[in-house]
Amino acid sequence: MLILECPYCGVKAEETELSPGYEAHLKRFGPGSSDTEFEDYMFARKNPKGVHFERWRHVYGCGKWFLAARDTATLEVFGTYAAQSSAPPAALQDKIKAKRPDWKGYK
Amino acid sequence: MKRYSVFAIAKEALSHHMGWERAWASPLPKKSYDVIIVGAGGHGLATAFYLGKNYGITNVAVIEKGWLGGGNTGRNTTIIRSNYLQDPSAAIYEKARSLYETMSQDLNYNVMFSPRGLLMLAQTHHEIRGYQRTAHANALQGVSTEWISPQRVKELVPIISLDGPRYPVLGALYQARGGTARHDAVAWGYARACSAMGMDIIQQCEVTGVTSEGGAVTGVNTSKGFIGCKKLGVVVAGHSGQVADMAGFRLPVEAVALQALVSEPIKPCMDVVVMANTVHGYMSQSDKGEMVIGGGTDGFNNFTQRGSFHHIEETLRALIETFPMISRLKMLRQWGGIVDMTGDRSPIISKTPLGNCFINCGWGTGGFKAIPGSGWAMAELVAKGEPGPLAEAFNMWRFKEGQFIDESVAAGVAH
Ligand SMILES: Cc1cc2nc3c(=O)[nH]c(=O)nc-3n(C[C@H](O)[C@H](O)[C@H](O)COP(=O)(O)OP(=O)(O)OC[C@H]3O[C@@H](n4cnc5c(N)ncnc54)[C@H](O)[C@@H]3O)c2cc1C
Ligand SMILES: [Zn+2]
């Protein structure tokens with residue numbers, strides 16, 4: 001069972017209180033973009049076997065969306081942060097690097 | 001290959017069954033092959049089999065990082081049906097279903113195909129409309145299915161409760177020729193037939209890199225060294241994105257866990273397969289008497305082959321309403337597999353940006369039933385370099401062009 005701490009209300013919520021929302025930090029493309037940009041935005045996903053940045057919603061708590069860093073190969077949660085972030089916080093990235101020296105970093 | 005038959009059993013009995021030959025060989029890899037297939041699941045093995053059978057290409061290696069059939073092929077709930085809505089799906093799944101009917105004879109291996117009939121329950125008014133539409137579409141596609149009344153459902157499934165408080169049974173889409181087969185036997189039967197054609201099935205050998213030159217694959221790096229090839233077929237289900245990454249292209253695929261479970265064995269009580277898609281639960285009874293139960297996928301990227309407990313709870317909660325008699329059953333085992341989900345929930349059988357590299361993936365939660373049809377279509381693609389009519393619509397460029405094969409909306413659950 002996954003346990004993630006909601007960065008807004010501070011509750012350590014277990015999975016049944018949360019709703020997953022797949023990959024975070026997608027760059028949005030709309031009218032005026034190229035076909036490839038739009039396809040990437042809609043369908044191309046990193047889907048790494050390892051460190052993944054993703055969206056979650058504290059649906060049965062405060063109701064807010066937030067972001068999390070998690071290892072898809074071990075289910076270890078590295079940390080959570082606000083949905084308004086355009087990239088994972090530096091401190092979180094450092095923490096992941098310390099735990100996963102082979103990690104190629106956030107791209 | 002020595003044929004299996006009643007005479008063979010009698011003959012081997014004389015030597016106390018100690019003389020049976022191994023079903024397939026376990027050779028060391030050669031330096032290079034005409035075709036390498038990565039992944040010895042059902043789809044990879046079926047691809048190799050039809051390369052040999054339909055196109056005479058037998059200088060083939062199937063490379064598997066674990067043991068053959070140890071991925072989703074050995075983890076699924078074995079439902080076989082072809083009652084899809086869209087024409088391209090109906091064509092390939094019906095081809096597969098029809099190949100299942102003669103598979104035991106074709107492979108000289110008992111895959112225990114059991115066309116016992118399959119029901120998809122309608123439990124909302126939306127589903128009634130949806131399944132009636134599917135029944136009409138199937139009539140046009142030449143797939144025989146019918147819409148049946150709740151009373152007929154009760155005749156076919158005496159243990160069902162028609163008027164559950166939340167989700168009453170309002171009718172069903174019935175495919176009398178749908179059913180189940182023994183999943184391991186499908187993998188083993190193909191492996192034995194491939195080995196008999198002189199193909200190499202190389203287990204415990206992980207592909208760790210794909211080498212290419214001038215836009216064409218030259219071979220693969222593996223845990224047993226470099227192996228060269230003229231053509232490469234990638235058929236690795238949950239790890240498709242990882243192997244595509246080695247070859248330098250991206251796929252619209254995400255990996256999530258799907259779980260299943262079986263109960264303690266009980267006396268025969270249900271001789272059809274029942275799917276309840278609104279509540280995400282389905283059930284059949286195995287030959288051993290276990291109730292085989294499956295549900296929906298977890299909602300997050302996962303490579304661990306284990307899922308979340310609350311999904312199992314959800315599935316059982318829903319099924320107990322429809323099958324009250326299972327509420328006292330003990331569950332024996334539960335497991336998970338990593339399924340490859342595409343953007344439109346339909347599979348990919350496609351050329352790739354590399355000229356001699358082909359991909360077969362995205363079967364997600366419902367590809368066991370497709371194994372022979374998918375292998376048939378993939379073998380044609382690999383042999384000719386161009387897709388035939390079965391594979392054409394499943395190319396990976398459909399996501400750019402917006403030509404989806406949208407079964408997810410049609411089926412809800414895709415087993
Ligand atoms: C719980 C569950 C229930 C299901 N129920 C049904 C059902 O009722 N009906 C139905 O039709 N479908 C069902 N499915 C779906 C079905 O199991 C799959 O779609 C199908 O088995 C996929 O077969 P495959 O050959 O593509 O993949 P797999 O059988 O997973 O084979 C892929 C193989 O590739 C190997 N591989 C991966 N990476 C590498 C590498 N780098 N090098 C070498 N080898 C590699 C893996 O080890 C694996 O053996 C279910 C799936 C699950 C998990
Ligand atoms: Zn919260």
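The values are calculated or read from the model by the stated rules, or taken from the named source; none is laboratory data. Just so we're clear, the structure is a prediction, and the values are computed from it rather than from any experiment. So basically every Cβ, Gly included, is an ideal-geometry build from the backbone, and we count neighbours across all protein chains shown.
Counting only residues that are buried (at least 24 other Cβ atoms within 10 Å of the Cβ) and not in a helix (DSSP H, G or I), how many does the range B:82-110 have?
Final tally of qualifying residues: 3.
Kindly evaluate B:Gly289 against the criterion of being under 30 Å from B:Thr218 (Cα atoms) and surrounded by fewer than 16 Cβ atoms within 10 Å (Cβ to Cβ).
no
I'd like the full set of residues that are surrounded by fewer than 21 Cβ atoms within 10 Å (Cβ to Cβ) and within 16 Å of ligand 1 (Cβ to nearest atom), limited to the range B:167-187.
Of everything in the range B:167-187, those that are surrounded by fewer than 21 Cβ atoms within 10 Å (Cβ to Cβ) and within 16 Å of ligand 1 (Cβ to nearest atom) turn out to be B:Arg177, B:Arg182, B:Asp184, B:Ala185.
This table checks each residue for (1) within 14 Å of chain A (Cβ to nearest Cβ); (2) touching a residue at least 60 places away in the same chain (Cβ under 8 Å); (3) more than 22 Å from the chain's Cα centre (by Cα).
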position: B:Gly171; (1), (2), (3): no, no, yes
position: B:Val210; (1), (2), (3): no, yes, yes
position: B:Gly215; (1), (2), (3): no, yes, yes
position: B:Phe226; (1), (2), (3): no, no, yes
position: B:Ser240; (1), (2), (3): yes, yes, no
position: B:Arg250; (1), (2), (3): yes, no, yes
position: B:Gln259; (1), (2), (3): yes, yes, no
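Of all residues being more than 13 Å from chain A (Cβ to nearest Cβ) and touching a residue at least 24 places away in the same chain (Cβ under 8 Å) in the range B:297-322, which is nearest to A:Glu76 (Cα to Cα)? Just the residue, please.
Checking each candidate, the answer is B:Thr315.
Only one of (1) more than 14 Å from every other protein chain (Cβ to nearest Cβ); (2) over 24 Å from B:Ile37 (Cα atoms); (3) under 16 Å from the mean Cα position of the chain (by Cα) is not met by B:Trp363, so which one is it?
Single failed check for B:Trp363: (2).
Quick check on the range B:189-208: of everything there that is crowded, with 16+ Cβ neighbours inside 10 Å and within 11 Å of ligand 1 (Cβ to nearest atom), which residue is nearest to the chain's Cα centre (by Cα)?
Filtering first and then ranking leaves B:Tyr190.
Tell me the residue from B:Tyr131, B:Tyr167, B:Tyr174 that is touching an Asp or Glu at 6+ places or on another chain (Cβ under 8 Å), closer than 13 Å to B:Thr278 by Cα and among the aromatic types (Phe, Trp, Tyr), please.
One residue alone meets the criteria, B:Tyr167.
With the structure loaded, tell me whether B:Leu316 is crowded, with 23+ Cβ neighbours inside 10 Å, on the phi < 0 side of the Ramachandran plot and out of contact with any His (no Cβ under 8 Å at 6 or more places or on another chain) or whether it fails that test.
Criteria not met by B:Leu316.
Each row is one residue, and each column tells you yes or no for (1) under 17 Å from the mean Cα position of the chain (by Cα); (2) surrounded by fewer than 19 Cβ atoms within 10 Å (Cβ to Cβ).
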residue	(1), (2)
B:Ile9	no, yes
B:Ser32	no, yes
B:Ala40	yes, no
B:Gly44	yes, no
B:Gly52	no, no
B:Asn59	no, yes
B:Gly69	yes, no
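Applying the selection to the range B:32-48, what residues are within 7 Å of ligand 1 (Cβ to nearest atom) and not in a loop (DSSP other than H, G, I, E, B)?
B:Val38, B:Gly42, B:His43, B:Gly44
Give all pairs with beta carbons closer than 7 Å in which a residue from the range B:267-288 that is part of a strand (DSSP E or B) meets a residue that is surrounded by fewer than 20 Cβ atoms within 10 Å (Cβ to Cβ); count only pairs at least 6 apart in sequence or on separate chains.
Note: pairs meeting the criteria are B:Val273/B:Arg116; B:Gln285/B:Pro268; B:Gln285/B:Cys269.
Has the range B:238-245 got at least one residue that is away from ligand 2 (no atom under 16 Å from the Cβ) and in contact with a Gly (Cβ under 6 Å, 6 or more places away or on another chain)?
No, every residue in the range B:238-245 fails to be away from ligand 2 (no atom under 16 Å from the Cβ) and in contact with a Gly (Cβ under 6 Å, 6 or more places away or on another chain).
Of all the residues that make up the range B:346-361, how many are touching an Asp or Glu at 6+ places or on another chain (Cβ under 6 Å) and more than 9 Å from ligand 1 (Cβ to nearest atom)?
1
Is at least one residue of the range A:63-72 closer than 24 Å to B:Ala237 by Cβ and away from ligand 1 (no atom under 16 Å from the Cβ)?
For the range A:63-72, residues closer than 24 Å to B:Ala237 by Cβ and away from ligand 1 (no atom under 16 Å from the Cβ): present.
Here are some conditions: (1) within 23 Å of B:Asn360 (Cβ to Cβ); (2) buried (at least 16 other Cβ atoms within 10 Å of the Cβ); (3) in contact with a strand residue (DSSP E or B) (Cβ under 9 Å, 6 or more places away or on another chain). B:Val274 meets all but one. Which one does it not meet?
Result: B:Val274 fails condition (1) only.
Kindly list the number of the only condition in (1) within 17 Å of B:Trp188 (Cα to Cα); (2) in a loop (DSSP other than H, G, I, E, B) that fails for B:Pro29.
Checking B:Pro29 against (1) within 17 Å of B:Trp188 (Cα to Cα); (2) in a loop (DSSP other than H, G, I, E, B), the one that fails is (1).
If you go through the range B:51-81, how many residues are part of a loop (DSSP other than H, G, I, E, B), under 24 Å from B:Phe394 (Cα atoms) and among the hydrophobic types (A, V, I, L, M, F, W, C)?
Adding up the residues that qualify gives 1.
Can you name every residue in the range A:1-13 that is within 14 Å of another protein chain (Cβ to nearest Cβ), at pLDDT 95 or above and either assigned to a loop (DSSP other than H, G, I, E, B) or more than 13 Å from A:Phe66 (Cα to Cα) (or both)?
Result: A:Ile3, single match.
Kindly list, by first and then second residue, each pair from a residue in the range B:358-381 that is closer than 21 Å to B:Ile338 by Cα to a residue that is assigned to a helix (DSSP H, G or I) and near ligand 1 (Cβ under 7 Å from one of its atoms), limited to pairs with Cβ atoms under 6 Å and residues at least 6 apart or on different chains.
B:Asn360/B:His43; B:Ile371/B:Gly42; B:Ile371/B:His43; B:Ser374/B:His43
Can you pull out the strands (runs of 3 or more DSSP E) entirely within the range B:329-415 that have at least 3 residues that are surrounded by 24 or more Cβ atoms within 10 Å (Cβ to Cβ)?
By residue number, B:331-342, B:357-361.
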